[in-house]
Amino acid sequence: MNQTNDQWEIYLAETDSNSLESGGWISPSEFTKVFHGDVRFSSEYFGVTNQQHKQLIVELDTPFVRDPSKNLVIAVRDNEGGAQASSKRFELRNLGNNNYKTLVLGSNSPIDLDAVSGTAQSYHSSYVPWVIIEGISDSGIIYSSSTESNDAGILAPGETETYTATYTISQATFDSGGVSNSLTVSFENDDGDIISDVSDNDNDETNGGDTPTDDSFTQTPSAKVLKSVTVIDNGDTFDGLDDLLQYEIEIKNTGDVTLTNISLLDSLTDFAGEDLTLIDGPTYLFNGTKGIDASKIDRFKVGDNWFELVREKKTYLQAKALAQKRGGKLYRLKFTPVGDSTEKDVLIQQILDTLQYRQDDLSNTVITEDDPTAATPKNYLWINGEDIDQEGYWNHIDFDGTKVPWEDLMISFTAAQQDDENGVTMAENNLNEQDALGWALTEPYGWNDIDVDNELYYVIEYESNDIDWIGSGQTTLAPGESILYAAKFKINDQAVEAGGVKNTATATLTPPQGDPLVVQSDDPNNDADDDGNSVNDTDDSTDVELVYPSINVIKTIDKISRTVDGVTTDTIAQNEVIAGDKITFNIEVENTGNKPVVNLVVTDTITDSRAMHKVELTVTDDNIISDNGVAIDNTDADTANDYDGELGVGESLIYQIDYVIADSLSIVPIIINSAKVVGQTIVNEGEADEYILEPFDISDGDTAQVDGDDDGDFENDPTKVYLAPNPVIEAVKTISQIKKAPDFIDDVAQGDVNIGDKVFFDIVVTNKGNWPLVNIQAVDTITHSRGGAKDVLTDALQLESDAGVLITNTEPFDNVLSAGDSLVYKLEYVIPSTAAISPILSNSFEITADVETDYDGDGVMELYDTISDISHNGVTGSDTGDDPTDILMTPLPKLEVIKTVHEILRKDTDGIYTIQVNDSVQVEDKIIYHISAINNGNWPLRVDKFDTTDLSNPPSIRDTIVDSNGNNKLGLNPIIFEDAGVTVDENSFDGEIAAGDTIKYVVEYTILSSSSNAAFISNYAEVTAEIYKDGALFDTISDLSDDGDTTEGVDTGKDPTDVDLAPDPQLTVTKTVQEILRKDADDEYTVVVSDDNLEVDDLVKYTILVENTGNLPLTNLELIDSLYNLQNEFSLELNLEYDSATNPSVADWVENEVRTLIPGEIETYTTEHSIVQIDIDSGGILNSVFATASDPDDTEVNDVSDGDTDSEDGDGDLDFENDPTKTLISQSPLIEVTKTQRIREKD
């Protein structure tokens, strides 16, 4: 113990024991490492006689807070081999009585703290004050000055020496409330006598003369409790039922004294003030330390080890202190943000990605270390694999997982040492965790001073999750230290109905002196003073407002009414309802959530039990009749009784809507009705985080005990209306196949049927009503279209199936056809010879059935009605419902008309049409059309009518031409010139188009000048043909011509034949002076004046006409009106105002958008100008309008306005176009001079 330097690790703990008996040594986990480094001994000896020793000065790395009621335990590890003294006994200053308060462990060998428990311990005391544990003396007692020139420590008579001493107040000392200091000075005189004195503070000998120097401290105990909450959503995207509220409660010592006996009370209520119960917690999690709040620490597990992420940048010393408290391994991280990842997400992912490459555990192997004071230590960068892993990479974590080669650390090694570092010759290091922290992270044995001072992110790794001992513990907080608690609550119906959850934590903490602190939590995310106490917003509860948008819809029948002969009955009962009755429904919408609902949209759907009909009813706010019991009428003029647009919490609306049962529903037994209501709940309306939720519900139409739609629950069942019996039966008879005689193998098409061929019929009889049918009877008859012969085939009918089930001897027909079911009959018929002259054989099937009911309720079914139906052929569209099923014995006619442009001719210089025109067609060109009438059927067609004067018997062909503006519509007279490739005329044509043949007509048309502004000429022809059979007119057929273009997506089969005229976009602007006005005596413009006598302030009014004189529509019309003086010098730009539009060239023209002109359209604008002096000086004004527009190809069309007649060249440019609108002003120069004189007499 007499060495001046030694390297120690010092650990402190406390115990309630007065002695350490055998096996009673303190657990290593209870020790806090407070120092690691060189210790110093004073050069002076202290004590008396043979008990003098040098004083040991220790500056703690980590503060250790003392509990005055406990005994202090000190453990020391000597890290230097051969540095042990002969005695390892620790001694402590006597406290003044025989009750020694310090327990001492002595050993002459290095002490293994884990093996101490079996060693008998004792205590030792002496008057030697060489270990100071209440505080530290920074630099000892230092000589300062003397009144004499003697050496320090030698006092001459009357001499005064002055010494200085400093003392750093420890936390434990500050907690005690003050410090008392006494100094004992001893000198030896020439006789060898020891002369001593104890310091006095007040020079008052009456109080003993040895008064200590006392100093009391002003303590400021304070704490802060922060309670934050995280909502774990259950998947419905809003804060509501079944979401999990995870609370984090941080208690932080914000004062300057240690707080103990910490307790926490958590109060959880709903927004109505009613109590709620946490499902977990508050549960103590862990402590932080000074400089690192517990709330900034995240804990997670990787493999078998636990990790703590310090989510704030801290200095190495701050992080090291936290790691030492936890006894863990320290890592540092470099944070690189990626995309939208949060800081926490990125750091944790870095840890999970990076820690995987620590391949081996190096903590249990043994090596012999070099002297750490050596110039080039070779072990300490590889301690526990924390700094350099086994592959030789620095454990500095980048986001991408890149390992940094240890060479980049700029540390010099010899070749042999590098081999050792890579594990070739040197065994792995066995330094424990504290060694790793003490050596690997301390310069010069690791990172440099810059790294130590920089703030970085840190991670602590440790093996146990037992954290009760971490920090100051669960019930004690040192200044700056914090504790973290967690609690959970699952949102229930009570919280939702009240609208939210309020949570407050109250912490009670005891300072060393004074009354306990009672601190209420504050929500760190809420700056508002929610509790209204105006206390700096630091004690507001942690609130979670819950959003529970919900509506409930019930749809009921208000009444069913029927009107007969103007008399209405409102008491129609269920099962008596028929088509034409009116059902009045009430739709009640109740807000069962906790937020108002707006913008309600009702979708009301009528269907039926047989899925034959679906109607969407229109429901608007005008259908609301009640708002929370108050009558509503949005349809009258009185707004006081209008719906306000909001469905408040707990309120209900009633919509009323009528539905008249459609005739198509007369055959269904049940009408089914459901309403879906969707609303909007606007959360945080008007704020940056506003969002909208859409509660909805489907109406329920019965009681909570009835499953109206058989879906297994009693909710959202439709509203049903039961109709009276309405029996309907339908028979459909179709031909399934026709087989050629005599072997009936080959198929025969309709129209090719001959005598002896066999026809196969399918007859489907369907009960389309809402009631079962009985006593089914069938009759089948075929009628010949010529001669009236009838064949009765009833006996040949075969009943095949009932509702899809085959009829057999074992499964016979029960003679009941249920509603919606069908019977299928089969019939075979061989064409008889009597049908040789009939083009059509018509087959009809008649079905008859009885309807039975038990209306009198006696249990016996009685005849209610007998119904029947004659079959139809299954072809919809033009059917009557009883159309026979025809066998076509004769061909079907078909006519197709095609009209094409044969050629277009233009006049030559002699006025004769000889010039072929392929494009750029213009007025006065002649179009020559060819019209082809093609018989694509299989029967001759007659087209022999040519007289166009007999309106009662129109011709076989009619031809119409019109331009694209709808003008010049004319009827043309085509002339036949070819039949089946043979040239004919009206006289030589036989009047018939044979099957497969084509006849052709020709017609000419000269384009009229009045179509100059048309885009194209459109032409179509219609041919009507007569069909004769056996010499008599049988039918007629007609077809409208097509242009022959069969391009897919373009051809409709009836396209007119169009000839495009050459595009000619033209724009013509005319500007004239409408009138010139002068102010009257009342200063109003009413006096009309001529333009040769203008004065200043005379008003010139202009009219501008803009006409589309081309044949293409023009858009984006722009007008610039410029005014010049008579010398053509620009003066100003006038503003034009739109007045009106006309189109004299189009009879049915409808005004379109302003500044958009179709061909022939004229837009009128007006403007005006007040004459100024400069106008008169120049002798007049010139005015022009420049107009631009765009044609359909976006090509610009423009014109400059003309202001005079077509026979005047107003601007002298040798043409009569685009002349400015000129207003000449007559000038009247006049000057008047007056001369006066004055005669003055001379004195």
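Odds and ends about this structure:
- Cα→Cβ-extended label distance, 7 Å offset, between Ala662 and Arg1240, nm: 11.5
- Theoretical gain in end-to-end length, Thr568 to Phe1034 [0.36 nm per residue, Cα-Cα removed]: 162.6 nm
- Whole-number percent relative contact order across segment 551-722, with pairs defined as alpha carbons under 8 Å at least 6 apart: 27
- The calculated FRET efficiency for Leu1126 paired with Val1154, based on their beta-carbon distance and R0 = 35 Å, is about 0.55.
- Residues listed by number, segment 761-804, amide nitrogen under 17 Å from Asn575 label point at 7 Å toward C-beta: 770-772
- Under Stokes-Einstein, with the Kirkwood radius over Cα pairs as Rh, the value for segment 1067-1224 at 25 °C and 0.890 mPa s is 147 µm²/s.
- Amide H contacts under 5 Å for Gly769, placed H, 5+ residues apart: Val728, Gly820
- Theoretical FRET efficiency, 1/(1+(r/R0)^6), r = Cβ-Cβ of Ala1062 and Asp233, R0 51 Å, to 0.05: 0.15
- Of Lys1079/Lys1222; Lys739/Lys790; Lys227/Lys296; Lys894/Lys1029; Lys733/Lys826, pairs whose Cα-Cα distance is over 19 Å: Lys1079/Lys1222; Lys739/Lys790
- Whole-Hz ³J(HN,Hα) from phi, Karplus 6.51 cos²θ - 1.76 cosθ + 1.60, for segment 1042-1058, glycine and proline x: 10, 7, x, 7, 9, 4, 5, x, 10, 6, 9, x, 10, 7, x, 8, 10
- Förster-model FRET efficiency, 25 Å R0, Asn599 and Ile557, C-beta, rounded to 0.05: 0.35
- Residues of segment 1099-1126 with amide N under 18 Å of a point placed 7 Å along Cα→Cβ from Ser1228: 1099
- Label point at Asp215 placed 7 Å out along Cα→Cβ; residues across segment 155-180 whose backbone nitrogen lies under 20 Å: 162-180
- Under 20 Å between alpha carbons - lysine pairs in segment 551-722 that sit 8 or more apart or on different chains: 12
- Using 0.36 nm per residue and subtracting the Cα-Cα separation, the extra length available between Glu685 and Thr508 on full extension is 59.8 nm.
- Computed over neighbours whose Cβ is under 14 Å from that of Val1002, the net charge equals -4, Lys and Arg +1, Asp and Glu -1.
Each value in this text was obtained by applying a stated rule to the coordinates, not by laboratory testing. Note that this is a predicted model, so its numbers are computed, not measured. Neighbour counts run over all protein chains shown; Cβ positions are idealised from the backbone, glycine included.
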